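Here the structure comes first, spelled out in structure tokens, and everything after it is commentary.
Computed from the coordinates by the stated procedures, all read-outs in this text should not be read as laboratory data. Everything numeric in this text was worked out from a predicted model, so none of it was measured. Virtual Cβ from ideal backbone geometry, glycine too; neighbours counted across all protein chains shown.
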Amino acid sequence: MSKYYYDFHIHTCLSPCGDQDMTPNNIAGMATLAGLQIVALTDHNTCKNCPAFFEAAKKNGIIPVAGMELTTAEDIHVVCLFETLEDAMAFDGVVDSRRVKIPNKVDVFGEQLILDGEDHVVGSDECLLSNATTIPIEEVPALVAKQGGVCFPAHVDRPANGAIAVLGSFPDYDGFLCCEFRDKENIPEYLEKYPAIKKRKILISSDAHYLWHIRDKENFVELDDEPYSSQLVRHNLFCYLRGETS
């Protein structure tokens, strides 16, 4: 078993709140400097910069995970992670069909840029990505599982778009096997107040929207990686997140 330092919640410049410097290659480079080894890309309601991130991660020796920060109908954020890029892009199509598409106000929210593996702009999303979809929170686990993914409520210790802040309690659905915090010092308080969290694996990620939000290595998972390959590590990561034996 080896320690793998992670961040499972990072945004690119495709997210309307993401800084323009949050390109796939800049993120991969900063993550390398921070000592991270597994990094998930989780833009709002889209996976369209994940292909570029996989290229950038390979150049920097990072194990990439394709993901999305889904906004539910209740305006709750849920991190959705996928073992393969193909599964993530299939989920992207599902979510795209359930988005409420209103034009993005570039002067207010900024451009939503789709990049290639060299950080060249190849497109943009003209509709605002951060608003709520028509997917209720109770539907999310089954939708994600259908595409082979894992999902969990994002930053439950945040007042904005956190499941607990919106619902008043942790959403105790079987499909939520993990729970994400942004600040580890909040964990004891939340464990005491919301016992349902005790049944979940606790993850801590940055929710980075700027390069300087990407944190130095601190949080890790222990995974079997022999005989080593990035595909094996990623597979064993998903076994860990699901509570399965690798």
- [ ] Within 10 Å, count the other beta carbons around each residue, average over each peptide in 100-106, 130-136, and list them highest first.
- [x] 130-136, 100-106
Task: Unit charges on C-beta of K, R, D, E only; dipole of region 19-76, Debye - done: 400
Open item on the list: Mean-square fluctuation check for the chain, GNM, Cα pairs under 10 Å: which of ALA66, ALA142, ALA208 is largest?
Closed with: ALA142
Open item on the list: Shape verdict for the chain, please, from the Cα gyration tensor: rounded (a/c under 1.5), prolate (a/b greater than b/c) or oblate.
Closed with: rounded
Task: Choice from VAL108, VAL78, VAL150 with maximal GNM fluctuation in the chain (Cα, 10 Å cutoff) - done: VAL108
Open item on the list: Sequence gap at least 6, Cα distance under 8 Å: using those rules, report the relative contact order of region 86-173 to the nearest whole percent.
Closed with: 24
Open item on the list: Placing +1 on the Cβ of each Lys and Arg and -1 on the Cβ of each Asp and Glu in the chain, which of VAL78, ILE202, ALA160 has its Cα farthest towards the positive end of the resulting dipole?
Closed with: ILE202
Open item on the list: Can you tell me how region 1-48 classifies by the Cα gyration tensor, rounded, prolate or oblate, using a/c under 1.5 as the rounded cut?
Closed with: oblate
Task: Beta bridge orientation in the chain: antiparallel %, DSSP, nearest 5 - done: 55
TODO: Specify whether the C-alpha gyration tensor of region 101-157 places it in the rounded, prolate or oblate class, a ≥ b ≥ c being the square roots of the eigenvalues: rounded for a/c under 1.5, otherwise prolate if a/b is larger than b/c and oblate if not.
DONE: prolate
Task: Dipole magnitude of the chain, debye to nearest 20 (Cβ charges: Lys/Arg +1, Asp/Glu -1, about Cα centre) - done: 360
